[in-house]
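To start, the structure under review is shown below, and the notes come after it.
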Amino acid sequence: MIQINEEKIEWRDGMTVRDAMNEVKYSFPLVIVSVNGKVIEQKHLDKHIINDNDKIKVFHLISGG
Amino acid sequence: MIEITINKRKISVEEGTTILAAAESLGIKIPALCNHNILKPYGACRMCVVEVHANGEKEITTSCNYEIHEPIAVFTDSEEALNTRRGVIEMHLARWPNVPAIKALAKANGVDKPRYEHPLKNESKNACVLCGRCVRVCSEGIWEDIITFAGRGAERKVSMPFDKFYERCAGCGACAWVCPTGAIQVTNEANHPVRPKMIRNWGMKVTSQMITLDDQQCRMRKIGTGNLVEIMDDYDLLPTLNYQYGSHENAKKINSWVWQNEYFTQGLPDGCWYGCSMSCAHAIEKFELKTGPYKGRKVLVDGPEYETIAACGSNIGNFDPHYVAELNFYCDTYGIDTISFGTALAFAMECYENGVITKEHTGGLELTFGNKEAACEVLHQMSRGEGFGMILGKGIRNMKKLFIEEYGADLDFVEDIGMENKGLEFSEYVTKESLAQQGGYCMTNKGAQHDEAWLIFMDQVNNQIPTFENKADALHYFPMFRTWFGLVGLCKLPWNDISPADNAQTDEPHKIPEHVEGYCKYFTGMTGIELDSDKLIRMSEKVYNFQRVFNLRLGYGTREHDRVPYRAMGPVTNTEYESRQERYDKQLKEKVGIDPESMSTDEKRLKLREYREDQYRQLQDAVYKRRGWTSDGVPKLETLKKLGIDFPEVVEVVKRYPDV
Ligand code: SF4
Ligand code: SF4
Ligand code: FES
């Protein structure tokens with residue numbers, strides 16, 4: 001199990017941060033993502049592998065008219 | 001990743017990185033002149049030459065536009081590279097001996113004096129060194145081609161067409177900002193700002209971010225606010241069928257890729273604000289109309305934007321992009337707001353589907369969700385002041401009254417699903433899961449709009465403002481901050497639709513502190529009056545409280561007028577409840593503390609309603625307190641005093657209410 005914001009989802013071997021975000025449909029681009037408190041740069045979201053029990057925080061900024 | 005060496009130091013870089021950028025990340029400085037970090041590499045001045053060894057071959061090449069695709073060894077200061085560079089510098093120095101930027105490069109690279117006299121010698125300190133940065137920023141950044149290179153060889157120079165001033169130039173100053181020599185100066189400061197440089201420097205920060213970051217962020221330059229359609233759908237926030245649901249399987253038919261790939265024809269600066277590098281308004285050219293007085297004509301549609309796509313699309317069950325654009329065009333042509341039209345029509349459609357109104361009332365129109373031809377017909381009727389269009393044109397508040405008083409509609413149902421506050425139709429977000437945004441829509445002066453606050457992500461996704469006090473703080477700060485844009489007449493999109501690359505490292509990233517500071521500087525630069533973020537809020541607070549008092553004077557502005565139609569709070573019908581049953585059941589268990597297992601949907605829906613309405617009441621208490629108002633939502637005398645707006649006429653209005 002991993003936690004992404006308030007939601008809990010199944011962990012899979014090889015899962016990247018982006019995979020986890022896709023699972024809960026976090027498609028908004030203006031986000032600040034951290035794994036266990038450490039900020040992950042935008043360009044590494046597709047590659048950063050997460051471990052079981054990791055805590056991901058996806059902080060959404062505001063946009064729109 | 002590719003392993004390379006620079007001056008024998010190892011570094012692994014992403015494929016496509018330039019040598020110049022790779023060197024920079026190692027702290028190795030390579031002299032450069034025509035290169036600029038917000039512009040595409042150009043390779044004109046040859047100042048940045050280095051020695052590269054690849055596949056056993058050696059070459060001297062410019063590093064700013066050399067993309068790395070294989071393991072290479074780079075020597076930035078090999079003898080051959082240095083000699084070539086010195087030759088280039090010498091040539092520059094001979095031609096432009098007094099330009100500080102050239103002199104500095106010469107000094108740093110050990111070039112003393114040119115050994116020859118240049119036939120085109122120009123002794124000005126601000127001479128143009130033909131680096132082309134200005135030409136590129138005007139084209140790449142501002143999407144204009146106001147200045148270009150003209151002439152060849154010795155005649156080559158930067159100029160406007162026919163060597164005359166071209167009125168299309170926005171005077172944005174981007175060209176002057178990137179110019180390394182000061183050859184370009186903006187001299188006509190049309191609005192007479194007190195400190196023009198201050199404004200330009202901050203403006204260029206945003207322009208630089210637009211040029212370098214927008215493609216990965218909100219795609220404002222390509223698609224504009226329409227980028228939100230698929231995002232809102234993903235987060236269950238896209239209003240569909242009069243805000244019953246937040247997503248729809250057909251939303252993909254009207255999402256931003258459809259507009260970008262099949263409809264929008266212009267990749268141009270939009271003229272919304274001349275010289276704006278965000279240029280978020282987009283248009284469809286040669287659009288052939290299918291209905292109405294211009295049927296068959298080809299027209300230009302200005303839009304659609306997100307709100308229009310949702311209001312005239314998903315919210316009325318219309319997933320045909322052609323008809324979204326058609327409604328967009330006719331609303332604009334008739335002078336009708338697309339949001340109020342769409343939201344009012346969505347209400348009428350739900351009333352029709354539930355038998356509140358029938359063909360008898362609509363003049364034979366079948367007003368079911370998704371009936372796009374009927375939607376157009378109602379709009380045309382509205383423009384002529386005829387038929388059901390005339391009724392719809394009066395807005396939801398008047399329709400509710402009419403339906404209840406004349407058509408015998410069920411008061412509770414109509415009040416629950418009529419999405420308006422203070423007579424203004426809701427804009428296009430589903431707020432059921434965000435208590436703070438219910439406040440953002442309804443504890444407002446203007447009625448149900450998101451211009452004052454948009455807190456859904458902070459509240460619902462980040463869980464960043466969990467307590468009533470946190471939410472009240474946000475419902476103080478954001479409405480005040482966003483009201484300020486209206487006071488000074490500045491667009492707020494460059495505040496939050498682009499964010500600085502290092503925004504994540506700031507204390508309050510959701511406020512985008514660098515951009516708040518920038519807006520303060522615009523104000524100071526224009527007026528000469530120092531402003532910081534606290535003073536900015538105070539400025540708005542005065543106006544905001546004035547507006548509240550104004551509402552009171554007109555008979556609005558108390559607690560009862562901040563009421564939320566229940567559709568904006570939670571599920572009105574059992575079908576709605578059941579469509580998100582897992583979510584609601586979980587909340588009943590975890591937040592309300594009851595076991596939904598053996599309860600009927602009716603019972604569960606009512607329990608949830610009780611809970612949510614009570615939450616909103618508590619939020620009202622907290623927000624009014626934070627804003628310095630009475631529990632009825634009236635500004636207290638001490639608040640008016642503190643803000644310096646306790647004028648007799650103002651005091652007289654509030655004194656009629658208890659506890660002020
Ligand atoms: S001021 Fe702006 S629009 Fe005018 S030439 Fe310079 S970059 Fe282009
Ligand atoms: S005017 Fe300035 S930016 Fe433009 S080419 Fe000349 S030196 Fe470069
Ligand atoms: S900086 Fe590389 S060619 Fe000018």
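Among the GluC sites (Glu not before Pro) within the stretch B:85-163, those in coil by DSSP and having at most 11 neighbouring Cβ atoms inside 10 Å are B:GLU117, B:GLU123. Counting only protein heavy atoms and using a 1.4 Å probe, the accessible area of A:VAL35 comes to about 10 Å².
Tell me which trypsin sites (Lys or Arg not before Pro) from the stretch B:141-198 have a DSSP coil assignment and no more than 14 other beta carbons within 10 Å of their own. Write out the running numbers ahead of the final one.
Values: sites: B:ARG152, B:ARG156, B:LYS157, B:LYS164, B:ARG168, B:LYS197; in loops: B:ARG152, B:ARG156, B:LYS164, B:ARG168.
Filter output for the stretch B:141-198: B:ARG152, B:ARG156, B:LYS164, B:ARG168.
Its relative contact order, with pairs defined as Cα atoms under 8 Å and 6+ residues apart, puts the stretch B:113-265 at 15 percent.
In chain B, a dipole from Cβ-located charges (positive for Lys and Arg, negative for Asp and Glu) runs towards its positive end, and of B:GLY335, B:TRP202, B:ASN421 it is B:TRP202 whose Cα lies farthest in that direction. For B:LEU424, the residues whose amide H sits under 5 Å from its own are B:ALA448, ignoring neighbours fewer than 5 places away on the same chain, with H placed 1.01 Å from N.
Summing +1 for each Lys or Arg and -1 for each Asp or Glu, what net charge is found among the other residues whose Cβ lies under 12 Å from the Cβ of B:ALA346? Mind showing how you got there, number by number?
Working: positive: B:ARG567; negative: B:GLU350, B:GLU353, B:GLU420, B:GLU425, B:GLU428.
Within the 12 Å Cβ shell, the charges total -4.
A simple charge model with +1 on the Cβ of Lys and Arg, -1 on the Cβ of Asp and Glu and nothing else charged puts the dipole of chain B at about 2780 debye relative to its Cα centre.
Determine the dipole magnitude for the stretch B:523-660: charges of +1 sit on the beta-carbon of Lys and Arg, -1 on that of Asp and Glu, nothing else is charged, the reference point is the Cα centre, and the result goes in debye to the nearest 20.
300 debye
Remark: the stretch B:363-380, residue by residue, has Karplus-estimated 3J(HN,Hα) of x, x, 6, 8, 8, 7, 4, x, 6, 6, 5, 5, 4, 5, 4, 4, 5, 5 Hz, where x stands for each Gly or Pro and the curve is 6.51 cos²θ - 1.76 cosθ + 1.60 at θ = phi - 60°.
Give the shape of the stretch B:435-654 as rounded, prolate or oblate, defined through the alpha-carbon gyration tensor: a ≥ b ≥ c are the square roots of its eigenvalues, a/c under 1.5 means rounded, and otherwise the shape is prolate if a/b is larger than b/c and oblate if not. Don't jump to the answer; show the numbers that get you there.
Numbers: a/c = 2.65, a/b = 1.49, b/c = 1.78.
Taking the square roots of the gyration eigenvalues as a ≥ b ≥ c, the stretch B:435-654 is oblate.
Ranking A:ARG12, B:ARG86, B:ARG200 from most to least accessible surface, computed with a 1.4 Å probe over the protein chains only, gives A:ARG12, B:ARG86, B:ARG200.
Peptides B:107-113, B:59-65, ordered by how many other C-beta atoms sit within 10 Å of their residues on average, highest first, read B:59-65, B:107-113.
With a 10 Å cut-off around each Cβ of B:206-217, the average count of Cβ atoms from other chains is 1. If I fit a long axis through the Cα atoms of helix B:533-553 and take the longest principal axis of the Cα atoms of chain B, what angle between them do I get, 0 to 90°, rounded to 10? That helix lies at roughly 30 degrees to the long axis.
Rolled with a 1.4 Å probe across the full set of protein chains, the surface gives B:SER139 an accessible area near 50 Å². Mean partner shielding of peptide A:16-26, defined as the number of other chain Cβ atoms within 10 Å of each residue Cβ, is 1. Gap in Å between the Cα centre of the stretch A:16-65 and the Cα centre of the stretch B:349-425? Going from one Cα centre to the other spans 43 Å. Spread over its residues, the convex hull of the C-alpha atoms of the stretch B:133-188 is 87 Å³ per residue.
Taking the inverse of the mean reciprocal distance over all distinct Cα pairs, the Kirkwood hydrodynamic radius of the stretch B:277-372 comes to 14.1 Å.
Name the GluC sites (Glu not before Pro) in the stretch B:553-660 that are in a loop by DSSP and that have at most 13 other C-beta atoms within 10 Å, would you?
Details: sites: B:GLU560, B:GLU576, B:GLU578, B:GLU582, B:GLU590, B:GLU597, B:GLU603, B:GLU610, B:GLU613, B:GLU638, B:GLU649, B:GLU652; in loops: B:GLU597.
Answer by residue number: B:GLU597.
More than 31 angstrom separation, counting every C-alpha pair in the stretch B:224-425; what % is that? Tail fraction, whole percent: 18. The convex hull built on the alpha-carbon positions of the stretch A:2-60 has an orientation-averaged projected area of 3.4 nm². With viscosity set to 1.002 mPa s and temperature to 20 °C, compute the Stokes-Einstein D of the stretch B:2-95, Rh being the Kirkwood radius across alpha carbon pairs; µm²/s, no decimals. Rounded to a whole number, D works out at 161 µm²/s. Per residue, the convex hull spanned by the Cα atoms of the stretch B:527-660 amounts to 167 cubic angstrom.
State log₁₀ I(q)/I(0) for the protein assembly as shown at q = 0.06, 0.07 Å⁻¹ as given by the Debye formula over alpha-carbon point scatterers of equal weight, solvent excluded. Here log10 of I(q) over I(0) equals -0.46, -0.61. Size of chain B from its Cα atoms: along the principal axes, largest to smallest, the extents are 97, 60, 55 Å. Roughly how many Å is it from the Cα centre of the stretch B:139-182 to that of the stretch B:471-528, as a whole number? One Cα centre to the other: 32 Å. Long-range amide H contacts for B:SER63: which residues qualify at under 5 Å (H placed 1.01 Å from N, peptide plane, sequence gap of 5 or more or a different chain)? Amide H neighbours of B:SER63, under 5 Å, 5+ apart: B:CYS48, B:VAL49, B:VAL50. For the stretch A:28-65, a decrease in accessible area of 50 Å² or greater in the assembled protein chains relative to the isolated chain, with a 1.4 Å probe, applies to A:PHE28, A:PRO29, A:LEU30, A:ILE32, A:PHE59, A:HIS60, A:LEU61, A:ILE62, A:SER63, A:GLY64, A:GLY65. Residues whose amide H falls under 5 Å from that of B:TRP454, counting only those 5 or more places apart or on a different chain, are absent, with hydrogens built in the peptide plane. Could you estimate the translational diffusion coefficient of the stretch B:103-212 from the Stokes-Einstein equation, with Rh from the Kirkwood formula over C-alpha pairs, at 25 °C and 0.890 mPa s, in whole µm²/s? Approximately 154 µm²/s, per Stokes-Einstein.
In this structure, the pairs whose alpha-carbon distance is over 25 Å, taken from B:LYS471/B:LYS521; A:LYS38/B:LYS205; A:LYS57/B:LYS591, are B:LYS471/B:LYS521; A:LYS38/B:LYS205. For the stretch B:397-407, backbone phi angles converted through the Karplus equation (6.51, -1.76, 1.60; θ = phi - 60°) give residue-by-residue couplings of 4, 6, 5, 4, 4, 4, 4, 6, 6, 9, 9 Hz, Gly and Pro being listed as x. Using Cβ point charges alone (K and R +1, D and E -1), the dipole size of the protein assembly as shown about the Cα centre works out to roughly 2960 debye.
The values are calculated or read from the model by the stated rules, or taken from the named source; none is laboratory data. Note that the structure is a prediction, hence the values are computed from the model and not measured. All Cβ positions, even for glycine, are placed from backbone atoms using ideal geometry, and neighbour counts span all protein chains on display. Remember, those area values only see protein heavy atoms, side chains included, never the ligands or the DNA or RNA. Shrake-Rupley method; radii C 1.70, N 1.55, O 1.52, S 1.80 Å.
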